[in-house]
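S.K.: Here it is, the structure in full.
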Amino acid sequence: MGDEQTAESEGQRTMSDAQGAKSGETFPARGPSPLVRVSDIGTKPGRLGRILKKLLLLLTSVLFTLALMEIGVRIFESKIRHTQIHGGWFSQVETLSDPKLGKRVVANPPGHDANGFRNATVRERSEVVALGDSQTWGQNVPITEAWPQVLEKTTGKTVYNMGMAGYGPIEYSMLAPDALKLSPRVVVVGIYFGNDLAEAYGAVYSREAFVDLRNPSAAQPGDQDQIVERASVTVNEVNALAEEIRRKSTPSWLLWLGAHSAVGRELSFSGRWPGSTSSASNAALRKAIEQHPAYGLVYDSEHSHTILETSYRLAALDRNEPQILEGLRLTKLSLDRIQELTSKTGTKLIVLLIPTKEFVYASKAASLGRVDFIYAELIKIETADRDEIENHCLERSIQVADSLPGLREAVERDEQIYPETNDGHPNWAGYRLIAETVKAQL
């Protein structure tokens with residue numbers, strides 16, 4: 001049966017071949033079908049050439065565009081750095097030196113008014129005026145989420161923000177007369193325990209305008225540099241460790257481009273270049289602190305994550321240093337001077353106590369058994385500072401608004417009220433809680 005079918009098939013092919021021969025067609029030798037058809041021979045090189053030309057044109061266009069971007073950024077690089085302000089970073093705001101304030105912001109930079117303060121516009125009158133440092137200015141958040149602006153939205157009262165990064169109690173007392181020109185019903189002075197005492201000492205002992213405030217038996221001018229140096233050493237050490245970790249996890253060619261190209265520098269500056277993103281830098285810092293817990297601790301819960309720099313914070317608060325104790329005296333003196341001015345105009349004075357992030361997390365860290373000797377010493381010192389300022393205010397009938405309870409309750413609720421980084425400034429949720437604290441006292 002099989003032989004008959006084969007013969008029949010062969011016969012059919014023979015007839016077909018014969019018919020083809022009659023029509024003049026030719027056929028290749030029988031066998032497996034060729035991989036390339038005869039009709040394709042000579043056409044594929046042409047198609048490949050066209051594809052290569054298109055790819056070359058695309059590559060040339062991309063390189064030309066990148067070159068133009070590089071040239072443009074190089075031309076305007078310095079100008080970009082001076083005018084940019086990404087949300088809430090005071091370091092990008094242009095400032096001028098001032099003999100009494102140390103520095104002041106130029107008129108009308110992005111996000112600031114003609115007076116150089118972080119407000120939409122200058123006001124002739126304001127029901128509430130806020131004095132403070134970067135915690136009042138609103139580091140980390142847009143202008144609308146700084147606590148003075150949140151206070152205005154939630155109370156319906158006009159609030160003028162005179163907070164400034166780098167200012168301290170001495171500057172607050174210098175600005176108080178200007179604040180009272182707005183005829184406020186309330187003046188709120190934010191005292192941040194992270195660095196206000198050191199700032200008070202630094203202002204008085206580094207500027208000739210405050211010679212009359214100095215204590216001859218206290219530490220001498222320039223001694224504040226020692227505090228700054230000790231704190232800086234701690235920060236620099238842990239940052240160096242984090243940088244080493246980051247570099248090991250990032251290809252070297254990306255690091256080179258990020259440092260040597262204008263586009264790479266701008267993207268690195270804004271935290272958008274691979275390896276320099278905030279998430280990459282934060283991951284490296286977390287690893288560094290986990291490997292060297294003497295610098296601080298990494299806090300993680302289900303919904304809240306942050307880094308606590310206990311060693312750095314302790315260096316700026318150590319009451320064993322005469323500069324800090326002198327700064328405490330000057331802080332109380334500044335509050336007395338502000339009270340003297342506000343009492344003459346019948347303006348209510350509220351002192352807002354703003355704790356360090358490390359102090360806010362202290363109770364939670366203690367419950368988890370994560371308070372070492374350094375952290376315990378920090379808690380002890382900040383508690384003493386807070387008690388002294390609060391008691392001083394109560395003795396003089398100065399109203400106190402303490403933001404610590406509200407912030408700690410939020411930590412207990414596992415809310416993210418600070419950035420996931422080592423930054424000690426609140427995020428929008430933390431500033432909202434501070435605003436609520438002040439609102440309750442109005």
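S.K.: Could you run the Karplus curve 6.51 cos²θ - 1.76 cosθ + 1.60 with θ = phi - 60° over region 285-296 and give me ³J(HN,Hα) per residue in whole Hz, x for Gly and Pro?
M.R.: Each residue of region 285-296 in turn: 5, 4, 5, 4, 6, 5, 7, 9, x, 5, 7, x Hz.
S.K.: Next question. Sort 137, 428, 147 so the one with the fewest other Cβ atoms within 10 Å of its own Cβ comes first. Working shown, then result.
M.R.: Numbers: 137 29, 428 18, 147 34.
Ordered by Cβ neighbours within 10 Å, fewest first: 428, 137, 147.
S.K.: Please list, ordered by chain and number, the residues whose modelled amide H lies under 5 Å from the amide H of residue 352; skip anything fewer than 5 residues away on the same chain.
M.R.: HN-HN under 5 Å from residue 352: 189, 190, 191, 401.
S.K.: Follow-up. Rounded to whole Hz and in sequence order, give me ³J(HN,Hα) for region 365-374 from the Karplus expression 6.51 cos²θ - 1.76 cosθ + 1.60, θ = phi - 60°, writing x for Gly and Pro.
M.R.: Result, ordered by residue: 5, 5, 5, 9, x, 10, 9, 8, 4, 4 Hz.
S.K.: Using the Karplus curve 6.51 cos²θ - 1.76 cosθ + 1.60 with θ = phi - 60°, work out ³J(HN,Hα) for each residue of region 406-411 in order, rounded to whole Hz, and write x for Gly and Pro.
M.R.: x, 5, 5, 5, 5, 5
S.K.: Within region 299-318, which residues have the backbone N less than 18 Å from the label spot 7 Å out from residue 370 along Cα→beta-carbon, could you tell me?
M.R.: Counting only backbone N, you get 299-314.
S.K.: Additional query: Which FRET efficiency value, to the nearest 0.05, is calculated for residue 442 and residue 383 with the Förster distance at 25 angstrom and r the Cβ-Cβ distance? Walk me through the numbers on the way to the answer.
M.R.: On the way: r = 27 Å, r/R0 = 1.08.
That pair, residue 442 with residue 383, gives E of 0.40.
S.K.: What residues qualify as long-range amide H neighbours of residue 321, i.e. H under 5 Å apart, gap of 5 or more or another chain, H built at 1.01 Å from N?
M.R.: Residues meeting the amide H criterion: none.
S.K.: Using the structure shown, select from 100/332; 153/348; 344/380 the pairs with a Cα to Cα distance greater than 27 angstrom. Could the numbers behind the result be given before it?
M.R.: On the way: 100/332 19 Å; 153/348 20 Å; 344/380 37 Å.
Those over the limit are 344/380.
S.K.: Take peptides 316-326, 162-172, 113-123 and line them up by average Cβ neighbours within 10 Å, highest first, as a rough protection proxy. Don't skip to the end; give the middle numbers.
M.R.: Details: 316-326: 19.1, 162-172: 25.8, 113-123: 16.9.
The packing order, highest mean first, is 162-172, 316-326, 113-123.
S.K.: What is the distance in Å between the Cα centres of region 301-372 and region 383-442?
M.R.: 9
S.K.: I'd like to know which of 404, 349, 371 lies farthest towards the positive end of the charge dipole of region 336-442, counting +1 on Cβ of Lys and Arg and -1 on Cβ of Asp and Glu.
M.R.: Value computed over the given set: 349.
S.K.: Compute the distance in nm between two label points, each set 7 Å from the Cα along the Cα-to-Cβ direction, one at residue 108 and one at residue 58.
M.R.: Output for this residue pair reads 4.8 nm.
Read-outs throughout are calculated quantities, based only on the coordinates presented, and are distinct from any laboratory measurement. Since this is a predicted model, take the numbers as computed values, not measurements. Please note: Cβ atoms are built from the backbone with ideal geometry, for glycine as well, and neighbour counts cover all protein chains shown.
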